Each structure stands twice: as structure tokens, then as C-alpha cells.
1. With r as the distance between the Cβ atoms of residue 139 and residue 33 and R0 = 41 Å, compute the FRET efficiency 1/(1 + (r/R0)^6) and round to 0.05.
2. Summing +1 for each Lys or Arg and -1 for each Asp or Glu, what net charge is found among the other residues whose Cβ lies under 14 Å from the Cβ of residue 139?
3. Taking 7 Å along the Cα-to-C-beta vector as the label spot, tell me the residue 155-residue 92 distance in nanometres, rounded to one decimal.
4. Taking the Cβ of residue 58 as the centre, find all other residues whose Cβ is under 9 Å away and add up their charges (Lys, Arg: +1; Asp, Glu: -1).
5. Under a Cβ-Cβ cut-off of 15 Å, what is the net charge of the residues other than residue 153 that fall near it, where Lys and Arg count +1 and Asp and Glu count -1?
6. Along the stretch 26-33, what does the Karplus equation 6.51 cos²θ - 1.76 cosθ + 1.60 (θ = phi - 60°) give for ³J(HN,Hα), rounded to whole Hz, x for Gly and Pro?
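What follows draws every value from the coordinates through simple rules; no lab data is involved. All figures in this text were calculated on a predicted structure; none of them were measured in a lab. Cβ placement follows ideal geometry from the backbone for every residue including glycine, while neighbour counts extend to all protein chains displayed.
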Amino acid sequence: SDSYPRCWGQDDSLIVSTWDNKGLNALLKVASSGGPLVPAFGGDSLRGMIRGDLTHVLELPDGRSLLLSVNENIDGREKSRIFVQRDGQREEIYSTAARSDIGEPVYSNSGHVLFPIVGSGLGAGVDIWAIPFDVPGLKTTGAPFLVAQNAGGISASDNGMISYLTRSSE
């Protein structure tokens, strides 16, 4: 299987994923100074195995949880999902309807996970959505809501401010 760097961990490690020909991803980490790849959630087992196309990985501020976006083919239908994983516990935050994809999710210290949703068809726009999320409880605390239409490139600062790009029709 191949290894792909995903993000820096707060403990100065690099989070890496592997992909095998059965469509399984393992989440591993390696110290920035080098060394062996070890399971990202400790122990000697690969508790972080994920099925599907793992598109984005981000460590959350607690330094123990990862925000993951995955594209899956379930019974012949494509579906995009956002999960949070801590140790062996994985919680789904959001999943899309058919023929729409989730772009790279980000976490805001305002207590929200923000993510672009790409619509289907030619000329389909990208909209930014947010969902309230409690990191310690590893759960959503409200319904998703629209932040901006025809927008993308989300970034969140440490104080909870967000920025994004908008597209005009002109």
C-alpha cells in the first residue's frame, strides 16, 4: 500500500494515511524527526481503518481527534461523509445527498465544522455550510446551516473568525 501525508499533529507529528487495493485506509503518524509509522490512535491495532476515498484529514484542537472527509460508494451510489474519530470511536457529522460532494472541512473555535458542498451537474455552485460541533463530547449540537452561497476556500482563525472566497455571476 502507498502512504500519503495528510496534516501536522499538535505533538509535532505528521498524520499519514495508507491506501490498499481493497479500498481501506489506515491512519498512522510519524514523528517530525523521523522514525516508524505507528497507528494514529495508539496501541498496536489499526483502529483508524476507513473504507472509501479518504479525501481530507485535519487534527482537532484537542490533539486527540481527527476530522475526516470520505467519499464512499455504497450499493452503487456515491456518498460523501464527514466523520470525527478519537481512538476507536467514530461519529458521523454530516453526509450528502446523491451526486454532491463535500470539499475540505475546517474546524472553527466558535464550535463549528464548516464545509463546502459541491452541487451536481454543469454550472453547479459551491455553498459553504456549518454545523455546531462539541469537540469534547464528539457530537453535533445543532442542525447544519448555510453560511454562504457560491463560495469556497474556507479558512478559520484561532479566534473563530472565518474567511472565504465568493464568486459573482458577473
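1. Details: r = 35 Å, r/R0 = 0.86.
My answer for the efficiency is 0.70.
2. Working: positive: 86, 90; negative: 62, 91, 92, 134.
Spelling it out: positives minus negatives among the neighbours equals -2.
3. Here the answer is 3.3 nm between the modelled labels.
4. Numbers: positive: 6; negative: 59, 104.
In short, -1.
5. Details: positive: 167; negative: 104, 127.
Result for the neighbourhood of residue 153: -1.
6. So the J values, rounded to whole Hz, are 10, 9, 10, 9, 9, 5, 4, 7.
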